[in-house]
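To start, the structure itself, in structure tokens.
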Amino acid sequence: MSRIAYVNGRYLRHAEAAVHIEDRGYQFSDGVYEVCGLRGGFFMDEALHLERLERSLNELRIAMPRPLAALRHILREVVRLNRISDGLVYLQVTRGVAPRDHPFPASQVSPALVVTAKRLNEARIAAAVKKGVAVTTMPDIRWARRDIKSISLLPNILAKQAAREAGAYEAWLVDPEGFVTEGSSTNAWIVDKAGRLVTRPASHDILNGITRRVLLEAAKVEGIEVVERAFTPDEARSAREAFISASSAIIIPVVRIDGAPVGNAEPGLLTLRLREAYGRVGRLT
Ligand code: PLP
């Protein structure tokens with residue numbers, strides 16, 4: 001069965017799905033995106049993803065491409081046409097198509113919308129959760145508005161590639177003051193020596209992950225103490241536990257940082273408990 005994508009009003013086979021060469025996303029990375037998980041045919045925390053989409057668009061002064069109800073319908077159509085019940089839905093909005101020129105085009109240019117869906121490699125995720133993964137740290141060279149889920153991901157992909165070439169799963173990015181901001185496509189967490197869950201507070205420095213937000217809620221429900229503060233790679237290496245979070249896999253334990261073991265180099269108990277708790281707090285629609 002061929003995959004189907006939604007492109008500006010049409011449902012097309014991937015082989016035929018294309019955008020205009022003067023789409024500003026293609027030429028300037030002038031757009032934003034969202035990735036929402038699907039579990040058993042339901043969207044995970046869809047309302048929070050759509051709320052963040054609206055926020056990202058507002059920050060860049062791009063109009064919502066469709067009313068919310070229409071967007072929700074398109075997302076469901078793409079999932080239905082691709083017959084996916086567990087996977088990821090990708091949604092991208094750009095400022096639209098206009099002759100290449102840096103200033104925003106005239107306001108009558110409509111934003112462009114693309115939606116795709118794919119199955120997740122469940123076996124790969126399960127293996128990563130069971131064994132834990134390694135991360136490497138490197139300088140965070142991104143722009144100053146990482147809270148916007150922009151499609152401009154060059155520093156992120158360079159960091160991820162460098163991590164993979166170093167034999168690690170993820171890159172933890174470090175700000176000029178020496179503190180971890182987040183992963184190249186995940187939020188970063190540790191369990192400190194006192195057993196508290198630690199993650200960097202939401203600000204312009206990180207993407208406020210939907211998984212991060214729901215995990216903070218789950219921790220509260222579980223009675224786990226949380227401190228939102230920055231931590232250094234040194235503290236992370238000597239932490240009790242560490243993990244990364246994102247919609248694609250919820251939580252993956254981190255067992256090595258720059259080659260050094262975290263704890264006994266096995267997935268932490270609190271990490272695994274929180275991963276389970278997510279299932280009770282995340283909302284399916
Ligand atoms: N941080 C960055 C830089 C990301 O790209 C992502 C996800 O793509 C996340 C964090 C995690 O966000 P979410 O939990 O919404 O998937």
Count - residues of the stretch 99-122 that are at pLDDT 95 or above and either of a type in the set (Gly, Ala, Ser) or touching a helix residue (DSSP H, G or I) at 6+ places or on another chain (Cβ under 6 Å) (or both): 5
Among the residues listed as 98, 168, 112, the single one being closer than 20 Å to residue 234 by Cβ and in contact (Cβ under 8 Å) with a residue 60 or more places away in the chain: 168
Any idea which of 74, 84, 62 is more than 20 Å from residue 5 (Cα to Cα), β-branched (Val, Ile, Thr) and buried (at least 16 other Cβ atoms within 10 Å of the Cβ)? 62
Is the stretch 270-283 home to any residue that is more than 15 Å from the chain's Cα centre (by Cα), within 24 Å of residue 120 (Cβ to Cβ), crowded, with 22+ Cβ neighbours inside 10 Å and away from the ligand (no atom under 14 Å from the Cβ)? yes
Scan of the stretch 1-45 for residues that are more than 16 Å from the ligand (Cβ to nearest atom) and closer than 19 Å to residue 148 by Cβ, ordered by number: 23, 24, 25, 26, 27, 28, 30
For the stretch 181-190, what are the residues that are over 14 Å from residue 141 (Cβ atoms) and surrounded by 23 or more Cβ atoms within 10 Å (Cβ to Cβ)? 183, 186, 187, 188, 189, 190
Looking at 199, 232, which is the one that is more than 9 Å from the ligand (Cβ to nearest atom) and touching a Lys or Arg at 6+ places or on another chain (Cβ under 7 Å)? 199
Suppose the filter is of a type outside the set (Gly, Ala, Ser) and either crowded, with 21+ Cβ neighbours inside 10 Å or closer than 18 Å to residue 159 by Cβ (or both); does residue 234 pass it? no
Tell me, please, whether a residue that is part of a loop (DSSP other than H, G, I, E, B), within 18 Å of the chain's Cα centre (by Cα) and modelled with pLDDT of 95 or more can be found in the stretch 158-167. no
Quick check on the stretch 140-157: of everything there that is part of a loop (DSSP other than H, G, I, E, B) and touching a strand residue (DSSP E or B) at 6+ places or on another chain (Cβ under 6 Å), which residue is farthest from residue 55 (Cα to Cα)? 140
Looking across the stretch 1-53 at residues that are hydroxyl-bearing (Ser, Thr, Tyr) and assigned to a strand (DSSP E or B), the single one that is surrounded by the most Cβ atoms within 10 Å (Cβ to Cβ) is 6
So which residues in the stretch 221-242 are out of contact with any helix residue (DSSP H, G or I) (no Cβ under 9 Å at 6 or more places or on another chain) and over 24 Å from residue 146 (Cα atoms), if there are any at all? 223, 237, 238, 239
Count - residues of the stretch 123-150 that are at pLDDT below 95 and among the polar types (S, T, N, Q): 0
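The values are calculated or read from the model by the stated rules, or taken from the named source; none is laboratory data. None of the values given here were measured: they were computed from a predicted structure. Every residue, glycine among them, receives a Cβ derived from its backbone with ideal geometry; neighbour counts consider all protein chains shown.
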